[in-house]
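In what follows, a single structure is set out as structure tokens and then discussed.
The values are calculated or read from the model by the stated rules, or taken from the named source; none is laboratory data. As the structure is a computational prediction, the values presented were derived from the model and not from experiment. Every residue, glycine as well, gets a Cβ built from its backbone with ideal geometry; the counts of neighbours run over all protein chains shown. When the accessible area is computed, the model is the full protein with side chains, heavy atoms only, and any ligands, DNA or RNA have been set aside. Shrake-Rupley method; radii C 1.70, N 1.55, O 1.52, S 1.80 Å.
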Amino acid sequence: MLIKNKKTRAALIALLALGSAAAWPRVVVAETVLRIGMTAADIPRTLGQPDQGFEGNRFTGLTMYDALTSWDLSSADKPSVVIPGLATEWKVDDADKTKWTFKLRPGVTFHDGSPFNADAVVWNVEKVLKQDAPQFDASQVGVTASRMPTLASARKIDDMTVELTTKEPDSFLPINLTNLFMASPAKWQAFYDKAEGADAKAKSQAAWTAFAKDASGTGPWKMASFTPRERLELVKNASYWDKARVPKIDKMVLLPMPEANARTAALLSGQVDWVEAPAPDALPELKQRGFKLYANEQPHVWPWQFSRVEGSPWNDIRVRKAANLCVDREGLKDGLLAGLMVPASGTFEPGHPWRGKPSFEIKYDKAAAQKLMQEAGYGPNKKLTVKTQTSASGSGQMQPLPMNEYLQQALAECYFDVKLDVIEWNTLFTNWRRGAKDPSANGSHATNVTYAAMDPFFALVRFLQSGMAPPVSNNWGFINNPKFDELVKKARQTFDPAARDAALAELHAASVDDAAFLYVAHDVGPRAMSPKVTGVVQPKSWFIDFSPVSIAQ
Amino acid sequence: MLAYTARRIVYVVPIVISVALVCFLLVHITPGDPLVAVLPADASQELAAQLRAAYGFDRPLPVQFGLWLLRALHGDLGNSIATGRPVLAEVMRAVGNTVTLAIAAAIIGFTMGILLGLIAGYFRETWVDKVATSFAIAGVSVPHYWLGMLLVIIFSVQLNWLPAVGAGPSGSNSWAWDWAHLKYLVLPAITTSVIPMGIVTRTVRALTGDILSQDFVEALRAKGLRETGVFRHVIKNAAPTALAVMGLQLGYMLGGSILIETVFSWPGSGFLLNSAIFQRDLPLLQGTILILALFFVFLNLLVDIAQAAIDPRIKRG
């Protein structure tokens with residue numbers, strides 16, 4: 001049958017085309033999902049200021065939120081340094097070094113669609129600093145304020161400019177601000193307006209509780225669903241402001257798995273694709289079964305922090321240097337820790353901008369160590385008894401007991417008689433603040449608490465400055481060295497980033513030359529994952545960027 | 001009976017107050033700072049004092065206890081220091097998961113225990129008895145967590161039949177009795193069931209053997225009753241004691257197991273206790289212990305009243 005009418009023919013052809021198109025097999029693109037087993041026993045807090053230390057920042061901070069400044073996590077080779085985040089540039093006031101101006105990134109919106117601007121920055125500073133602000137939340141103060149101890153207030157200059165004030169001149173501020181995550185004021189306000197409560201404080205608490213279940217930041221990941229203590233599901237923020245960091249994976253599921261064997265089993269059985277800190281004794285099997293292992297030097301130090309109170313044997317620099325020279329760190333790494341550490345020769349290793357050029361080289365040299373001890377008056381028949389307080393476990397403590405027993409044996413060869421005082425982790429952590437003179441030190445000459453070395457205050461100042469002695473901060477051993485104090489002041493008051501880094505390097509070199517600690521190891525943040533996971537860059541950082549990660553389904 | 005019940009309830013009051021006091025003091029007398037979860041060691045004194053006041057830890061202990069008890073009586077156990085979430089909701093959710101696990105473990109453990117016990121008792125001193133008794137001994141002797149890991153290695157890692165950890169599939173926010181959820185329950189339930197299985201087996205075996213050796217059984221047989229009929233009498237006589245043992249075991253299981261729940265990342269009360277201890281989350285720790293302790297107290301009260309209702313001779317003063 002020939003259809004002569006052109007219109008009818010065209011209509012029929014269109015109909016046939018539509019019909020055949022409908023009959024084509026649909027190309028269904030499967031959702032890509034990455035499932036991660038965390039070491040945390042619970043999902044870190046989701047309301048903008050995570051708990052559970054830097055694991056919290058890694059999973060519920062840097063994923064859903066941004067800060068004014070950020071870490072460059074793009075390289076596995078170079079140390080992570082601070083880069084612009086929600087602020088594109090910043091400078092300190094030439095006349096008043098306590099005032100900083102931050103230019104904000106234009107065109108950024110929160111996940112709820114509200115704009116990110118100067119009001120949002122002021123609101124977020126006040127959530128942890130201004131006690132009479134409606135959004136003030138005491139539970140977020142502890143994990144924030146101590147990481148930016150000098151920040152005093154924030155003031156809007158215009159929509160895209162904000163002024164931050166510090167209590168004293170402090171060039172570390174831009175580094176510390178990586179810890180202040182920007183939550184959406186508009187979203188919180190909506191919860192506050194709906195909240196029930198006897199007073200404004202109760203309403204505020206209810207608003208934060210609601211916000212934690214339905215969070216809104218500006219980060220590359222958005223909250224999809226949250227089951228307390230079971231899982232947090234994040235989906236990619238396709239309209240993230242940094243197009244280069246829009247996640248490649250559709251969904252990321254975070255699962256708390258505090259037990260190392262359980263995490264490893266979950267990975268081996270295919271229940272998760274990625275685990276943090278797999279069980280060390282399972283590494284050979286993981287490798288043999290084709291799982292990928294990632295590890296890199298972290299800004300983390302596993303030390304003995306010496307007591308420098310009167311009468312302490314560590315007051316003799318020869319003894320401090322001898323201890324540092326008597327430990328075979330390579331042996332510790334290859335034997336006990338199955339390669340999962342980097343030998344420490346200071347707080348920062350070569351290549352780091354704050355390393356400097358110490359003249360005292362921390363390495364394994366037993367003969368030199370023995371010589372120093374003999375010069376100090378000790379020998380095979382006159383051993384020096386030192387007591388160290390440690391714990392059997394704890395966050396970041398790696399393998400404290402076996403590692404300390406290793407040190408005990410190693411130092412015995414250099415005429416040390418090491419006694420260990422093993423106490424519960426939280427108690428050790430509390431005692432850390434009380435100092436070597438406190439009865440809680442139980443007569444110990446050293447304490448073994450690991451520390452993060454992400455920023456100058458955490459890495460150096462709190463231990464080396466005399467004013468940081470207990471009860472102020474963590475100068476547990478009451479170090480009182482005028483040179484350190486002078487260098488701390490210089491670093492803090494040097495506002496050119498390159499010059500500040502140089503001053504910090506000078507401080508670090510001085511601390512190594514003084515053998516301020518027994519530097520033993522840096523953790524390497526081991527993680528294992530399925531061969532399906534690709535694009536992983538493990539930087540020299542506690543953090544990791546999930547945006548470039550892909551997974552084959 | 002009413003007077004007895006009222007008396008028993010009155011007796012519970014000082015027990016509850018004592019339990020609350022012990023829960024409160026236990027976590028306060030241990031060394032360390034209760035704010036360690038939220039207060040970094042670098043915090044200034046001012047900040048520490050501010051937070052201590054915000055959480056009420058700056059007040060004298062008796063005042064803290066009084067306020068805590070008063071709030072607890074109104075169903076407010078405070079908020080978790082670590083998460084800010086209400087403790088009561090956290091504990092009830094965890095208890096719900098533990099109850100699910102306990103029910104599944106009880107079904108497996110009691111069924112297996114009764115069957116093995118009856119078989120062992122009936123075929124006493126034979127190889128059948130020896131095999132069944134070996135199971136029972138293994139059940140009470142094998143460390144829980146070791147068995148859990150072994151099951152995970154076999155059924156999750158090697159065979160890939162069952163999930164190794166968790167309490168439900170991705171996207172599921174509550175428990176459901178379907179295979180998607182049940183498969184998460186199998187391994188922890190089997191692990192939890194082995195001790196009750198062993199204890200019930202041994203109890204039922206002893207009861208069965210004892211009853212079978214009594215004169216009335218001979219009389220029943222002499223009267224021409226078939227073995228199935230005799231067995232029915234045995235079960236009837238063994239039931240009260242066996243049920244009491246099973247009740248006790250169920251109570252223990254409902255308390256949750258830190259080890260098993262941690263090995264399987266099962267979000268029950270044991271897992272919650274582990275988190276609370278690890279994070280030194282004082283309100284959560286107190287709340288969890290209190291609720292679990294009260295659970296035992298009230299379970300005992302119910303058992304006492306039920307026993308008295310069934311058999312008035314056992315009413316106690």
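Accessible surface for B:HIS74 stands near 150 Å², nearest 10, in the context of the full protein assembly shown (1.4 Å probe).
Largest GNM mean-square fluctuation across B:LEU273, B:LEU61, B:LEU282, computed for chain B with C-alpha springs under 10 Å, falls on B:LEU61.
Each residue was assigned an accessible area with a 1.4 Å probe, and for B:LEU290 the value is about 10 Å². Solvent exposure of A:TRP241, expressed as accessible area, is near 60 Å², computed with a probe of 1.4 Å over the protein chains only. Annotation: lysines with alpha-carbon distance below 24 angstrom to A:LYS194 (same-chain offsets under eight excluded): A:LYS127, A:LYS130, A:LYS203, A:LYS213, A:LYS222.
Interface residues of the stretch A:124-144, defined as those with an accessible-area decrease of at least 50 Å² between the chain by itself and the complete set of protein chains (probe 1.4 Å), are A:GLY142. Measuring r between the beta carbons of A:THR385 and B:THR5 and using R0 = 56 Å, the FRET efficiency lands at 0.30.
What you get for the protein assembly as shown, charging only the Cβ of Lys and Arg (+1) and of Asp and Glu (-1), is a dipole of about 2080 debye around the Cα centre.
When B:MET1, B:MET246, A:MET160, A:MET373 are compared by accessible area of protein heavy atoms, the largest-first order is B:MET1, A:MET160, B:MET246, A:MET373, using a 1.4 Å probe.
Rounded, prolate or oblate: which one fits chain A, using the alpha carbon gyration tensor with axes a ≥ b ≥ c (rounded when a/c is under 1.5, else prolate when a/b beats b/c, else oblate)? Here chain A falls in the prolate category. Ordering A:ARG245, B:ARG7 by accessible surface, largest first, gives B:ARG7, A:ARG245; the 1.4 Å probe counts only protein heavy atoms, with every chain in place. Here the stretch A:131-184 has 49 percent of its accessible surface on carbon and sulfur atoms, given a 1.4 Å probe and all protein chains in place. Measuring heavy-atom accessible area with a 1.4 angstrom probe and counting protein chains only, the residues of the stretch A:249-273 that give up at least 30 Å² relative to the chain alone are A:PRO258, A:GLU259, A:ALA262, A:ALA265, A:SER269, A:GLN271. Of the listed residues A:LYS201, A:LYS540, A:LYS483, the order by accessible area with a 1.4 Å probe, largest first, is A:LYS201, A:LYS483, A:LYS540.
Note that the stretch B:132-229 shows a convex hull volume over its alpha carbon atoms of 148 Å³ per residue.
Helical content of chain A, expressed as a calculated mean residue ellipticity at 222 nm, amounts to -8500 deg cm²/dmol (DSSP H runs of 4 or more residues, -39,500 (n - 2.57) each, divided by residue number, nearest 500). Computed with a 1.4 Å probe over protein heavy atoms only, the accessible surface of chain B comes to 49 Å² per residue.
Think of the stretch A:134-291 as having a plus end and a minus end, set by charges on the Cβ of Lys, Arg, Asp and Glu; of A:SER225, A:ILE249, A:LEU283, A:ILE249 sits farthest toward the positive end of this dipole. The contact between chain B and chain A removes approximately 4100 Å² from the accessible area (both sides summed; 1.4 Å probe; ligands, DNA and RNA excluded). Residues in the stretch A:257-377 average 38 Å² of solvent-accessible surface per residue, probe 1.4 Å, ligands and nucleic acids excluded. Please determine, in degrees from 0 to 90 and to the nearest 10, the orientation of helix A:366-375 with respect to the longest principal axis defined by the Cα atoms of chain A, where the helix direction is its Cα long axis. Around 40 degrees separate the two axes. An oblate overall shape is assigned to the stretch A:412-553, the ratio a/c of its alpha-carbon gyration tensor axes (a ≥ b ≥ c) being 1.5 or greater and a/b not exceeding b/c. Simple point charges give the picture: +1 on the Cβ of Lys and Arg, -1 on the Cβ of Asp and Glu, and for the stretch A:256-407 a dipole about the Cα centre of about 520 debye.
Comparing B:ALA94, B:ALA120, B:ALA72 in a Gaussian network model of chain B (Cα springs below 10 Å), the most mobile by mean-square fluctuation is B:ALA72. Since only A:LEU336, A:THR388, A:GLN408 are under comparison, the one whose Cα sits farthest along the positive direction of the charge dipole of the stretch A:335-420, derived from C-beta charges on Lys, Arg, Asp and Glu, is A:THR388.
Please identify the helices of chain B, taking whole runs of DSSP H, that span at least 24 Å along their own axis as judged from the Cα atoms and have a mean Kyte-Doolittle score of 0.5 or higher. Result, helices passing both filters: B:2-29, B:87-122, B:179-212, B:227-254, B:282-310. This model, with +1 at the C-beta of Lys and Arg and -1 at the C-beta of Asp and Glu, gives chain B a dipole about its Cα centre of some 940 debye. For chain B, the mean residue ellipticity at 222 nm estimated from helices alone is -24000 deg cm²/dmol, where every DSSP H run of n ≥ 4 contributes -39500 (n - 2.57) and the total is divided by all residues, rounded to the nearest 500. When the Cα positions of B:GLY255, B:ALA189, B:VAL245 are compared along the charge dipole of the stretch B:187-262, B:VAL245 comes out farthest toward the positive end, with charges on each C-beta of Lys, Arg, Asp and Glu.
Looking at the square roots a ≥ b ≥ c of the eigenvalues of the Cα gyration tensor of chain B, which shape do they give, rounded for a/c under 1.5, prolate if a/b is larger than b/c, or oblate? Oblate is the answer for chain B, as a/c is 1.5 or above yet b/c matches or exceeds a/b.
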